[in-house]
Protein chains: 4
Amino acid sequence: MKMAILATGGTFDKEYDEIGGALYFKKTHLQEMLSMGRCRLAVRIQVVMMKDSLEMTGTDRRRILDACRACEEPRIVITHGTDTMVETARFLEGNVPGKTVVLTGAMIPYTFGSSDGLFNLGSALSFAQVLPEGVFVAMNGRFFPAGRVRKDRRRGIFVKSPDKTTGTE
Amino acid sequence: MKMAILATGGTFDKEYDEIGGALYFKKTHLQEMLSMGRCRLAVRIQVVMMKDSLEMTGTDRRRILDACRACEEPRIVITHGTDTMVETARFLEGNVPGKTVVLTGAMIPYTFGSSDGLFNLGSALSFAQVLPEGVFVAMNGRFFPAGRVRKDRRRGIFVKSPDKTTGTE
Amino acid sequence: MKMAILATGGTFDKEYDEIGGALYFKKTHLQEMLSMGRCRLAVRIQVVMMKDSLEMTGTDRRRILDACRACEEPRIVITHGTDTMVETARFLEGNVPGKTVVLTGAMIPYTFGSSDGLFNLGSALSFAQVLPEGVFVAMNGRFFPAGRVRKDRRRGIFVKSPDKTTGTE
Amino acid sequence: MKMAILATGGTFDKEYDEIGGALYFKKTHLQEMLSMGRCRLAVRIQVVMMKDSLEMTGTDRRRILDACRACEEPRIVITHGTDTMVETARFLEGNVPGKTVVLTGAMIPYTFGSSDGLFNLGSALSFAQVLPEGVFVAMNGRFFPAGRVRKDRRRGIFVKSPDKTTGTE
């Protein structure tokens, strides 16, 4: 099964700049993470952008949507900052017909050793293989349909939200 | 969704004994790994045994089967040594009605830093949530039905095997 | 031989706050690092402060000096942010009679996995055991007398500086 | 100051063979460790052999001695398995005139993440710069003259031994 991973940045791929003492983006660690996981899926990695998700604009989300539509692979994982992952998921929802799209990210940069990134990547790639057409968020070992998830910023976890249409849970 | 993880040992949970210079089992690292992955699933961890899978006997497999049947949770992940994971999967197949059972393991101990364990655990927990009733192996980012998988020992990866009944791939 | 480690903060002991996405101090990792190094020296750890060295004031340096003087141990390692380590070393120089004081730090936080902290701690503790009375900086595997060192901020390393009194190297 | 590191193997440089499930030597990690430590000493690395120290013979020790004598650098660190590090130190003692030789090793392989190797390397390189002519063991943050040290195998640490000549401590 052919799959694509679209990298957009986020904590996932941040690194520590030892000269300036701040976090920054250098390159994606996805290939290294797939090797660590001994992943043998036919995965194509595409860097769409390298952004902190708090700085993502409507134009950026449009580029992500275009990248999803342009993918030949019917199953797509998007790595994304957690702060606005839900917004991007909702932006994509209903607009990528015929494909399964799973967004994931990390609370701790992969390079920091104690990251949840490898767990989340394994999780997202797995969900993407078996979930039906649609847009999902995979975090904390769980999956959520795009319209039924929010980030609890205080606790740093993703939780189910009431259905945006009907208001029922 | 309630899930169970049954630990049986394997490379996954091996540690390096710095006095004797050999690998051994001390305790399972599953709780630590779930914390690292910021996992928020309702998971119960049960240590069934702590064995190198090359030393597993028919009696051991019977105990694993009994543990699966005794689980109240309908979705089960089993951590297992990779050398005989396929044998155990086949032993369980067809004998755990109404449940989804996913076996996983690691090529490198979790404590060694470069382990595939965290990736595999994220993957197995995800597959276990969405795959139908049956017994599966989750390794290398992929899932395989119990009867359609073998370990390629030379390359250290799991590959699809011909259907054991019909001989077709 | 009795030794003391005085912790003052710095990158050494910084951690990543996964909720806020910024670096902060929680507690010192010195005990954990000594355990990792299987260190068997009689070392007493004292947290004097937990500060980014760019925020250290004259009052802070006075407190560090007082702590050095109050130490019963004649051999002292100070963990310190690298940005103003040289300033603190010069402030202490000549004011801690009868003692060997070695300042060290890290370019990458210990918790980030790829830190130089463990190497530097091993180095500083060793230099402190054999160098004569005086104040020294131990970084990059080297040691420098307090008056003969500066940080090359662009390259992130410590280098020998001309003698501050005579101007000769 | 010019220094040499002579690699002879030992736990320090062992790796985990994920196909065979055993420990083995592939290559030395010394360059990687010096980079991690941001070491800026002028160090030349020479691989003399890659051996488990339990398998070292008199011929091997002779080769190590020859390598020490052939070094142009007057300050030498030898990485060595801990099991017979003391024997090699005694073999070298008195036979490397005009040079400071410091042996060190690790209880846990460097690649396993929780290794004492980086701490010990920082320590050994530092002792080698300031100790006088002679042969020393640097382990557990301490240094021992070659004739005054033994490994406490039960506890996995190095301790002072009675003077081999006079029997006094």
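The values are calculated or read from the model by the stated rules, or taken from the named source; none is laboratory data. Because the structure is a prediction, the values reported are computed rather than measured. Neighbour counts are summed over all protein chains in view; Cβ atoms, including those assigned to glycine, are modelled from backbone coordinates with ideal geometry. The protein model used for the area step is the full one, side chains on, heavy atoms only, and it has no ligands, DNA or RNA in it. Shrake-Rupley method; radii C 1.70, N 1.55, O 1.52, S 1.80 Å.
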#### Entry: Residues that are assigned to a loop (DSSP other than H, G, I, E, B), surrounded by 13 or more Cβ atoms within 10 Å (Cβ to Cβ) and among the hydroxyl-bearing types (Ser, Thr, Tyr), drawn from region D:2-59
D:Thr28
## Note on the structure
Over region C:122-149, the set of residues of a type in the set (Gly, Ala, Ser), in contact (Cβ under 8 Å) with a residue 24 or more places away in the chain and more than 15 Å from C:Glu73 (Cβ to Cβ) is C:Gly122, C:Gly134, C:Ala138, C:Ala146, C:Gly147
### Message
Given the criteria away from chain B (no Cβ under 13 Å) and in contact with a helix residue (DSSP H, G or I) (Cβ under 6 Å, 6 or more places away or on another chain), does D:Arg61 qualify?
### Response
yes
### Message
Suppose we keep only residues that are more than 7 Å from every other protein chain (Cβ to nearest Cβ) and open to solvent by less than 10 Å² (accessible area, probe 1.4 Å) within region C:118-137. Which one would you say is nearest to C:Lys99 (Cα to Cα)?
### Response
C:Ala128
### Query
On the given criteria, is C:Met56 of a type outside the set (Lys, Arg), under 17 Å from C:Gly10 (Cα atoms) and over 13 Å from the mean Cα position of the chain (by Cα)?
yes
### Lone qualifier among B:Gly81, B:Gly58 - being under 30 Å from D:Gly117 (Cα atoms), modelled with pLDDT of 95 or more and either of a type in the set (Gly, Ala, Ser) or touching a Pro at 6+ places or on another chain (Cβ under 7 Å) (or both)
B:Gly81
### Query
C:Ser115 passes all but one of (1) within 13 Å of chain A (Cβ to nearest Cβ); (2) open to solvent by 10 Å² or more (accessible area, probe 1.4 Å); (3) not aliphatic (A, V, I, L, M); which number fails?
(2)
### Query
For region B:66-80, what are the residues that are under 14 Å from the mean Cα position of the chain (by Cα) and assigned to a loop (DSSP other than H, G, I, E, B)?
B:His80
### Single residue of region C:9-22 satisfying the filter (touching a Leu at 6+ places or on another chain (Cβ under 9 Å) and more than 8 Å from every other protein chain (Cβ to nearest Cβ)) that is nearest to C:His80 (Cα to Cα)
C:Phe12
### Query
Are any of the residues in region D:97-108 among the small types (Gly, Ala, Ser), more than 15 Å from the chain's Cα centre (by Cα), open to solvent by 10 Å² or more (accessible area, probe 1.4 Å) and at positive phi?
yes
### Task
Output the number of residues of region D:82-96 satisfying the condition of being buried (at least 23 other Cβ atoms within 10 Å of the Cβ) and of a type outside the set (A, V, I, L, M, F, W, C).
2
### Query
Can you name the number of the only condition in (1) in contact with a helix residue (DSSP H, G or I) (Cβ under 6 Å, 6 or more places away or on another chain); (2) surrounded by fewer than 17 Cβ atoms within 10 Å (Cβ to Cβ) that C:Asp152 fails?
(1)
### Task
Could you tell me whether any residue of region B:141-160 is part of a loop (DSSP other than H, G, I, E, B), in contact with a strand residue (DSSP E or B) (Cβ under 7 Å, 6 or more places away or on another chain) and at pLDDT below 95?
no
### Task
Please work out which residue is farthest from A:Thr111 (Cα to Cα), limiting yourself to region D:109-140 and to residues that are aromatic (Phe, Trp, Tyr) and in a helix (DSSP H, G or I).
D:Phe127
### Query
What about D:Thr104, is it β-branched (Val, Ile, Thr) and out of contact with any strand residue (DSSP E or B) (no Cβ under 8 Å at 6 or more places or on another chain)?
no
### Query
How many of the residues in region A:64-80 are open to solvent by less than 50 Å² (accessible area, probe 1.4 Å), of a type outside the set (Gly, Ala, Ser) and more than 13 Å from every other protein chain (Cβ to nearest Cβ)?
9
### Message
I need the full set of residues from region B:81-108 which are in a loop (DSSP other than H, G, I, E, B), within 14 Å of chain D (Cβ to nearest Cβ) and of a type outside the set (Ser, Thr, Tyr), in order please.
### Response
B:Gly81, B:Asp83, B:Gly105, B:Ala106, B:Met107, B:Ile108
### Message
Restricting to region A:139-149, and then to whatever is more than 9 Å from chain B (Cβ to nearest Cβ) and under 15 Å from the mean Cα position of the chain (by Cα), can you tell me which residue is surrounded by the fewest Cβ atoms within 10 Å (Cβ to Cβ)?
### Response
A:Pro145
### Summary
Listed by first then second residue, the pairs whose first member lies in region A:23-35 and is away from every other protein chain (no Cβ under 12 Å), whose partner is basic (Lys, Arg), with beta carbons under 8 Å and at least 6 positions apart or on separate chains, are A:Tyr24/A:Lys14; A:Phe25/A:Lys14; A:Phe25/A:Lys51
